[in-house]
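Every read-out reported here was derived from the displayed coordinates using simple, explicitly stated rules and does not represent laboratory data. Quick caveat, the model's predicted, so the values are computed rather than measured. Positions of Cβ are backbone-derived with ideal geometry, glycine not excepted, and every protein chain shown enters the neighbour counts.
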Amino acid sequence: MNSRRFLPLLLLLFIGSGCAALIYEVVWFQLLQLVIGSSAISLAVLLGTFMGGLCLGSLLLPRYIPARHHPLAVYALLEIGIGVIGFAVLVAIPLVGSAYAAWAGSGILGLALRGIAAGVCLLPPTVLMGATLPALSRWVETTPRGVSWLGFFYAGNTAGAVLGAVLAGFYLLRVYDMPTATYVAVLLNGSVAVLAYLVARATGHTAGLTDDDHADAATKVRAKEAGATPPSVPGVRDVYIAIALSGMTALGAEVVWTRLLSLTFGGTTYTFSLILATFLLGLGIGSSAGAAVSRNAANPRMVFGICQALLGACIAWAGYMLTESLPYWPIDPSITSDPWYTFQLDVARSLWVVLPGAILWGASFPLALAASVAPGRDPARIVGGLFAANTVGAIVGSLGAGALVAWMGSSQHVQQTMMVICALSALLVLQPAGDRVGGKHAHVKYAGAAVAIVVAGFLLARAVGPIPGVLVGYGRFAATRVGQADYIYVGEGYNSSVAVSELSNGVRNYHNAGKVQASSEPQDMRLQRMLGHLTTLLPESPKSVVVIGCGAGVTAGAVSVDPRVERLTIAEIEPLVVRTVSAYFSEHNFDVVRNPKVRIRIDDARHYLLTTGESFDAITSDPLDPWVKGAAMLYSKEFFELVKRRLNPGGAVTLFVQLYESSEEAVKSEIATFFDVFPNGAVFANTFEGAGYDLVLVGQADPIRINLDAWEERLRLPEYATVRLSLGQIGFSSAVELLSTFSGQARDLRGWLENAQITRDRNLRLQYLAGLGLNLRQGDYIYRNMVAYRQSPDELFIGSPPLKAALWEFMRYQ
């Protein structure tokens, strides 16, 4: 039976396989970030482990699975294995997490344990994923035309990956949860396996042959009897090196472009899914084009080299667009509150930047395959070797790009470095390699091409500019804020890009994630100081306190000036923030970083609390935007339960809740999830010009009792002079005025929170809700709806009648 007629069906199988793989990748990365943290180090470990498994699988299959087995039967077994292990990972990750938390620490040991945890969960399924393409490659002939089908399979797999990225990021995880998404992926694996097995049953297989190369069977048999080694392509090693360099630049560019585009679009979970889908779409288009060209190209190696040379121009194009063009497009996202219109705009801008380079990277793999094939050689070894080389390069690129940005201090230089690597890759492939690749005057032509590539690269590198301060400062609103501030510091770190700006009126802003995260504006100072002071005034003995995130240091500074605080730990994920940014706000943060009672932990806050053996008297967080991807991990029920376990008896926790740039559903989710763990909690409001702006939630394990007389007496003590000064600077002359911002208790708000969605680790619901409310301006509307449910807090506040009467009077004006 002619097997060629089944080749188009295999495209469908690879689409399903690719879709399942991307669903798994998104789910596993989220699950494992909950265990080992979401810092740059943790993400590097996860990505390195994931891609390392793909590399191992592509190398091991041709060495340990004999060619006599039907390729489709092997492929079916691999898909079944992926599905079974994918299901098992859901059970394994909690067990791995418990073991990891018991042993994890900092330094080399902590890094090694992160790798072990990731390896236990990711290596088994990713090894099988990496083996699928080499397994199926044994069903095609080892000629450029035959191997072109592998390019189409690769394109189909990538098309499925696009579908998986969109399906997971925009539907399965938004509407359902990670287990449900996993079940969908398992079902896809099972369906693909069944179809592959049925085709295997319907077709025959001869080891090393297909129906299209039986004519060469005698030649192969004679070569085998003579003990001859099948011929190899001249200069094939250069192709392997070049495809590795191609993988390096592809993933390096994706890392850098994702950082810059997330500033332009807003760093929501939808943004990351969109950028990933766009990049994969380009790879799929390029793979199809490369496969089509390789079928009839007289010299696929030369076409491969031209692709590598053109990639330098594509990186220059993207660099110019990201830093010199896109930030200044006349766009104001706040014009619409409908996320659908914003999504359409972001799709267009993402395609504009990413697609040219992604297409060429996608075309490179099938062209490299066509340039490496030789009759009689095991196609699985060729495909496996090239795929492994490409993956190793991708690992280096993905891990190295972020580190290089932080080390060089500039994504500009990293992109220029990648342009140099593309030029080297092109020169390596285009150099003469024997008669097949060379020809008359080949060296002269090569010298001319080399000069042209070097000169063009030098000229194009000048188009890549440094990241503009206004982009770091205001992100998606950059075009509307040009010329409105002086940027006194702009830096690119391991995890994020940060900036400090100063307005003409002297207001100083700290920017991260493309927005103002803290400032010396009255409403922001009020919120940050409220967070810090409520955190230390609530417990009876706040000796040891943790602040999640340093930011401008104002929250931590307010904590530090309480004389009862003996030890303050700041858990900050970005070293630049502590090292540089906080210094610009020393006047407002009481120079907290240099305070001898302060210790800094550079780590994801969740990971720090999960792995530390300490307990604390109070825990708070510097303001965090819940719509930023990853922030929801600090707003889940499981995280609040972790915080509760880390509190000493009588300890207190405070939490910032953002009303601006948020929807009522997102705010309800934050409050309801917090109250689910701290059912005795209360809400205090930071209003601005009488309108709702943001909230502070407070919680304790036991019912909260605030003694008004004790608070007032404490603030009159001489050692509390700095605390009084700090409160006075934000408009509170007494404890009663501070507490008059009370806006409700958990029991009051039950009716308002009736249909609120609880954010769990399994669904991280908040990031999907908050991401849809990015351009909303409903802060006061949400606040008024909530405060309408407020009841008399007689059980919360105790004290003398005059102070209670004063409190009720102040509350009337909030």
Subject >> Helix 40-64 vs. the chain, principal-axis angle (Cα, 0 to 90°, nearest 10) >> reply: 20
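Take the Cα pairs of the range 1-74, get the Kirkwood Rh, then feed it into Stokes-Einstein at 20 °C and 1.002 mPa s and tell me D in µm²/s. Intermediate values should be presented prior to the final figure.
Numbers: Rh = 15.1 Å.
Estimated via Stokes-Einstein, D reaches 142 µm²/s.
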Subject >> Radius of gyration, Dmax [the range 544-683; alpha carbons; angstrom] >> reply: 14.7, 42
Original post:
Using the Kirkwood radius built from alpha carbon pairs, what does the Stokes-Einstein equation give as D for the range 347-388 at 25 °C and 0.890 mPa s, in µm² per second?
Top reply: 204
Original post:
Got the relative contact order for the chain handy, in percent, Cα pairs under 8 Å and 6 or more residues apart?
Top reply: 13
**OP:** With a cut-off of 19 Å, note down the residues of the range 42-56 whose backbone N falls inside the zone around a label point 7 Å from the Cα of Ala112 toward its beta carbon.
**Re:** 42, 45-46, 49
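What does the charge add up to near Tyr720, with Lys and Arg as +1, Asp and Glu as -1, over the other residues with Cβ less than 13 Å from its Cβ? Walk me through the numbers on the way to the answer.
On the way: positive: Arg564, Arg714, Arg716, Arg724; negative: Asp562, Glu712, Glu713, Glu719.
Here the charged neighbours net out to 0.
Given the peptides 257-263, 170-176, arrange them by the average over their residues of other C-beta atoms within 10 Å, most packed first.
The packing order, highest mean first, is 257-263, 170-176.
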Original post:
In percent, what relative contact order does the range 257-402 have, based on Cα pairs under 8 Å that are 6 or more apart in sequence?
Top reply: 41
Subject >> Over 28 Å between alpha carbons, listed pairs Lys543/Lys637; Lys515/Lys668; Lys629/Lys668; Lys515/Lys644 >> reply: Lys515/Lys644
Subject >> Simple spin-label estimate for Leu12 and Asp338 in nanometres, 7 Å along Cα-Cβ >> reply: 3.7
**OP:** Nearest 5 is fine: what % of DSSP beta bridges in the chain come out antiparallel, could you say?
**Re:** 65
Subject >> As computed over the range 440-511, the Cα convex hull volume per residue (Å³) >> reply: 135
Subject >> Cα-Cα separations in the range 626-686 greater than 14 Å, expressed as whole percent >> reply: 58
Subject >> Net lengthening on full extension, Glu713/Ser733 (0.36 nm per residue, minus Cα-Cα) >> reply: 5.9 nm
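Just to be sure I follow: if Rg is taken over the C-alpha atoms of the range 775-814 and Rh is the Kirkwood radius over the same atoms, what is Rg/Rh?
On the way: Rg = 13.8 Å, Rh = 12.1 Å.
Expressed as Rg/Rh, it is 1.14.
Cα-Cα pairs above 22 Å in the range 375-527: how many percent? Provide the component values of the computation, followed by the final result.
Values: 7253 of 11628 pairs.
I get 62 percent for the Cα pairs in the range 375-527 exceeding 22 Å.
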Original post:
Using a basic spin-label model with each label point 7 Å from the Cα along Cα→Cβ, how many nm lie between Arg201 and Ala788?
Top reply: 6.3
Subject >> Environment charge of Ser740, counting only residues whose C-beta is closer than 10 Å and scoring Lys/Arg +1, Asp/Glu -1 >> reply: -1
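With both bridge residues required to lie in the range 664-814, what share of the DSSP beta bridges run antiparallel, to the nearest 5%?
85
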Original post:
Okay, helix-only estimate at 222 nm for the chain: each DSSP H run of n ≥ 4 adds -39500 (n - 2.57), divide by all residues, round to 500 deg cm²/dmol; what do you get?
Top reply: -19500 deg cm²/dmol
**OP:** Report, to the nearest 10°, how far helix 178-202 tilts away from the longest principal axis of the Cα atoms in the chain, using its own Cα long axis and a range of 0 to 90°.
**Re:** 10
**OP:** Would you calculate the separation in nanometres between label points at Leu642 and Trp329, each defined as 7 Å from the Cα along the Cα-to-beta-carbon direction?
**Re:** 3.7
Original post:
Looking at the range 714-814, what % of the alpha carbon pairs are farther apart than 23 Å?
Top reply: 49
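Enumerate by residue number the trypsin sites (Lys or Arg not before Pro) in the range 36-129 meeting two conditions: DSSP loop (anything except H, G, I, E, B), and at most 16 other Cβ atoms within 10 Å of the site's Cβ.
Details: sites: Arg63, Arg68, Arg114; in loops: Arg68.
Answer by residue number: Arg68.
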Subject >> the range 474-599 - Rg and Dmax from Cα coordinates, angstrom >> reply: 14.9, 49
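In percent, how large is the relative contact order of the range 659-740, given Cα pairs closer than 8 Å and 6 or more residues apart? Present the calculation step by step, with values, prior to reporting the outcome.
Working: 66 pairs, mean separation 17.2, N = 82.
Contact order relative to length: 21 percent.
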Original post:
Nearest 0.05, what FRET efficiency do Val444 and Val194 give at R0 = 60 Å with Cβ-Cβ as r?
Top reply: 0.55
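Note down the net charge around Phe688, summing +1 for each Lys or Arg and -1 for each Asp or Glu among other residues with Cβ under 12 Å from its Cβ.
Details: positive: Arg526; negative: Glu521, Asp524, Glu689, Asp694, Asp780.
For residues surrounding Phe688, the net value is -4.
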Original post:
In terms of Cα to Cα distance under 12 Å, which aspartates and glutamates are near enough to Lys597, apart from those fewer than 8 places away along the same chain?
Top reply: Asp562, Glu566
**OP:** Take the Cα of Met302, step 7 Å along the line toward its Cβ, and report every residue of the range 401-432 whose backbone nitrogen sits under 13 Å from that point.
**Re:** 430-432
